[in-house]
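Structure record follows, encoded as structure tokens.
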Amino acid sequence: MPQLEALVFDVDGTLADTERDGHRPAFNRAFADAGLDWHWTVELYGELLRVTGGKERIRYYLNHFNTAFAPPADLDAFVADLHRAKTGHYTAMLVDGAIPLRPGVRRLLDEARAAGIRLAIATTTTPENVTALIGSALPDGAIDWFDVIGAGDIVPDKKPAPDIYVWVLEHLAISAAAAVAFEDSANGVASAAAAGFANIVVTTNDYTRGQDFTAASVVLDALGEPGAPADVVAGEPPASGFVDLDYLRRLLAAGVPA
């Protein structure tokens, strides 16, 4: 029977609910800085989240929602500059403490560290965004809690491709059977499943609720806390009411999605 060796976390929507009130307004501020009249509403941003990666999301917007825009000669540089400005606004919001961790995340991180379970990140967001979130929501030096951080453009294809999870597993030097992935979206679940994870915990948010999580082991509204149990959408509920290492070990022992 495989032993639990690592927990691998997505970031946006999983560690923290960053999309609606973090990345979206940061994009809008970057657009305003560039003199663009673009404004991504809550509803529009939900549509744009079909695509992973900020630069990819801008291109998707131009191709499908703003086709009248006349792109500059160097579209790659234009998109990169917008995304760089957006990252600056987003990290400033994190420094101000505007985006807390989701319920249960800090508790589970602390429990894993105390038990010698390794931590890793597999995300399509930029390394700067990861560092800013960890630095604002966790104690000084907490970035070193994570043995491996897979982020941004270090792999050729972003989620739902498995590349980022494969990269993280290779750098952890473990198999997917010894790890649990934490995700919030159908794209993320597809990525982890394609990389070989049979154990995937989903915590939904306003944007991802109702997506296809067939490959997940369990789908909840959050990881839960003592006194504030998680609402289980699909899969076996944790006996304690919240996701802890005992529950994750039971998922690992089951070996297949619920």
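The values are calculated or read from the model by the stated rules, or taken from the named source; none is laboratory data. If you're wondering where the values come from, they're calculated on a predicted model, not measured in any experiment. Virtual Cβ from ideal backbone geometry, glycine too; neighbours counted across all protein chains shown.
Scoring Ala193 on the criteria (1) under 23 Å from Val95 (Cβ atoms); (2) crowded, with 18+ Cβ neighbours inside 10 Å leaves a single failure, condition (1).
Return the residues of the stretch 183-210 that are farther than 26 Å from Thr41 by Cα and of a type outside the set (Val, Ile, Thr); say none if nothing qualifies.
Of all residues in the stretch 183-210, those farther than 26 Å from Thr41 by Cα come to 190-201.
Residues satisfying the conditions are Ala190, Ser191, Ala192, Ala193, Ala194, Ala195, Gly196, Phe197, Ala198, Asn199.
Within the stretch 214-241, residues that are assigned by TED's automatic domain parsing to the domain that holds Gly188 sit with their Cβ atoms under 7 Å from residues that are among the aromatic types (Phe, Trp, Tyr) and part of a loop (DSSP other than H, G, I, E, B), at 6+ positions apart or across chains, in these pairs: Val219/Phe213; Leu223/Phe242; Gly224/Phe242; Glu225/Phe242; Pro226/Phe242; Pro229/Phe242; Ala230/Phe242; Ala234/Phe213. Whether any residue in the stretch 134-148 is without any contact (Cβ under 8 Å) to a residue 60 or more places away in the chain, touching a His at 6+ places or on another chain (Cβ under 6 Å) and of a type in the set (Val, Ile, Thr) is what I want to check. Within the stretch 134-148, one or more residues are without any contact (Cβ under 8 Å) to a residue 60 or more places away in the chain, touching a His at 6+ places or on another chain (Cβ under 6 Å) and of a type in the set (Val, Ile, Thr). One residue stands out among those in the stretch 1-42 that are in a loop (DSSP other than H, G, I, E, B), charged (D, E, K, R) and touching a residue at least 40 places away in the same chain (Cβ under 8 Å): the one that is surrounded by the fewest Cβ atoms within 10 Å (Cβ to Cβ), which is Glu5.
Every listed requirement among (1) free of Cβ contacts under 8 Å to residues at least 60 places away in the same chain; (2) assigned to a loop (DSSP other than H, G, I, E, B); (3) farther than 15 Å from Leu36 by Cβ is met by Asp76 save one, (2).
Could you tell me how many of the residues in the stretch 192-211 are part of a helix (DSSP H, G or I) and touching a residue at least 60 places away in the same chain (Cβ under 8 Å)? Steps first, answer last, please.
Of all residues in the stretch 192-211, those part of a helix (DSSP H, G or I) come to 192-194.
Next, only the ones that are touching a residue at least 60 places away in the same chain (Cβ under 8 Å) stay: 192.
So the count comes out to 1.
Given the criteria more than 17 Å from Arg118 (Cα to Cα), outside the structural domain of Gly53 (by TED's automatic domain parsing) and not in a loop (DSSP other than H, G, I, E, B), does Val189 qualify?
Working: more than 17 Å from Arg118 (Cα to Cα): yes; outside the structural domain of Gly53 (by TED's automatic domain parsing): yes; not in a loop (DSSP other than H, G, I, E, B): yes.
Yes, satisfied.
Can you name the residue in the stretch 159-186 that is touching an Asp or Glu at 6+ places or on another chain (Cβ under 7 Å) and not in a strand (DSSP E or B) and, of all such residues, is nearest to Gly97 (Cα to Cα)? Outline the logic, then answer.
So the first thing to find is which residues in the stretch 159-186 are touching an Asp or Glu at 6+ places or on another chain (Cβ under 7 Å), and the list is 163, 172, 174, 178-179, 182-184, 186.
Going one step further and asking which of them are not in a strand (DSSP E or B), we end up with 163, 172, 174, 178, 184, 186.
Details: Asp163: 31, Leu172: 30, Ile174: 34, Ala178: 34, Asp184: 22, Ala186: 28 Å.
Ranking the candidates gives Asp184 first.
Against the test of being farther than 30 Å from Ala230 by Cβ, of a type outside the set (S, T, N, Q) and touching an Asp or Glu at 6+ places or on another chain (Cβ under 7 Å), the options Ala85, Ala120, Ala30 yield a single qualifying residue, Ala85. If I ask for residues that are more than 18 Å from Gly13 (Cβ to Cβ), touching a residue at least 40 places away in the same chain (Cβ under 8 Å), surrounded by 18 or more Cβ atoms within 10 Å (Cβ to Cβ) and among the small types (Gly, Ala, Ser), which ones from the stretch 149-180 would you list? If the condition is that a residue be more than 18 Å from Gly13 (Cβ to Cβ), touching a residue at least 40 places away in the same chain (Cβ under 8 Å), surrounded by 18 or more Cβ atoms within 10 Å (Cβ to Cβ) and among the small types (Gly, Ala, Ser), then Ala179 is the only one that fits.
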